[in-house]
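Working notes, beginning with the structure itself.
Values quoted throughout were computed directly from the atomic coordinates according to the rules given, and no laboratory measurement underlies them. All values derive from a computational prediction rather than experimental measurement. Cβ placement follows ideal geometry from the backbone for every residue including glycine, while neighbour counts extend to all protein chains displayed.
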Amino acid sequence: MWNPFRREYAKVVFSSDYIYGLPAVGEHKTFDLWKYKKIRDKLVKEKLLKRRNILQPELCSYDELRLVHTETYLRKLQDPQYVSQILKIGTVDMFYNSILEYYRAVTGGTLLATAYAVRWNMPAFNLGGGFHHAHPDRAEGFCLINDVAIAIEKFRKLRRGFKFMIIDLDYHQGNGNLLYFKDDPNVFTFSIHADSWVEMDRPQNKDILLPKNCTDELYMNTLTRELNDSCLQFRPDAVFYIAGSDPYEKDTLAGMGISREGMLERNVFVYKKVRAANLPLIVLAGGGYGKESWVVYYDFIRYALKNKVRVHGNS
Ligand SMILES: [Zn+2]
């Protein structure tokens, strides 16, 4: 029988809704509106990715949004003034629908990536997503909808008791996920970040603050030690990886002084660790700002498309 994935090592999720929704927020000072299209185009040009193999998601439905978000909040999102405040832009009346469509499309992408990763045990990269600051009842830090929380809630309706780990290496702490899952024994949030958005007792989770001026070596030593410990302790069934590019030294908003090579080393370490354990892996882009930012996620996906990771039994 013809196997559609015989020659593929990873899937990429992207759609034109990702492109047409975002520019509606105007010329944003820090976020490169074209970064994901640039990544897609370069991978296609290099013949590492075929357009027909890219998974195209549907918009996340309102029933799916309700799995995590409150009715009151979803009603607030109907108000263009509220949305414009959150995104810190003047007015959004004209483009209001396409902004929400952007978030719903990318969340649909995270849902699709999750379905593929679990069904086919094929690593899946969403060209966006990882809106880790969003709460059930409010938006925060450019995150209107919590895509990872929705994906987890949706999936575990089908498979009760399934254990998820969220590895969040964005520069900023994923406070939305942390608070949402803080008392959930089946979700472990692992975070290394330089900017803490919430202070709380976190017995179920691992939360590590590193200095803003970090070195590649300190970052990797910390990640290696702590992630090994957390994986042994929790033993997840599937992993979401928020591969934020903003610790990169050329990031214009954040930046922890990590080199381009160091960012790839970080991403490949997580990738190999999860895949070698034969766990489904869903990768989200997270943050990353400025014109130079796109190369970090590009390097990572390029690696995944070119390299098959060997599975080491059930360790
Ligand atoms: Zn960030």
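Simple rule: put +1 on each Lys or Arg Cβ and -1 on each Asp or Glu Cβ in segment 32-152, find the dipole, and look at N53, I150, P123; the Cα lying farthest toward the positive end is N53. Annotation: aspartates and glutamates with alpha-carbon distance below 14 angstrom to K157 (same-chain offsets under eight excluded): D63, E64. Select from T215, Q85, A276 the residue farthest towards the positive end of the dipole of the chain; place +1 on Cβ of Lys and Arg, -1 on Cβ of Asp and Glu, and compute about the Cα centre. Going by the charge dipole, the pick is A276. Basic side chains Lys and Arg get +1 at the Cβ, acidic Asp and Glu get -1 at the Cβ, and with that the dipole of segment 11-306 about its Cα centre reaches some 1300 debye. Take every DSSP beta bridge whose two residues both sit in the chain; close to 5 percent of them are antiparallel. Spin-label model, R51 to R119: label points 7 Å out along the Cα-to-beta-carbon direction sit 2.4 nm apart. Within a straight-line Cα-Cα reach of under 19 Å, K272 can be paired with the following aspartates and glutamates, leaving aside sequence neighbours fewer than 8 residues apart in one chain: E8, D168, D170, D216, E217, E226, D229, D237, E261, D299.
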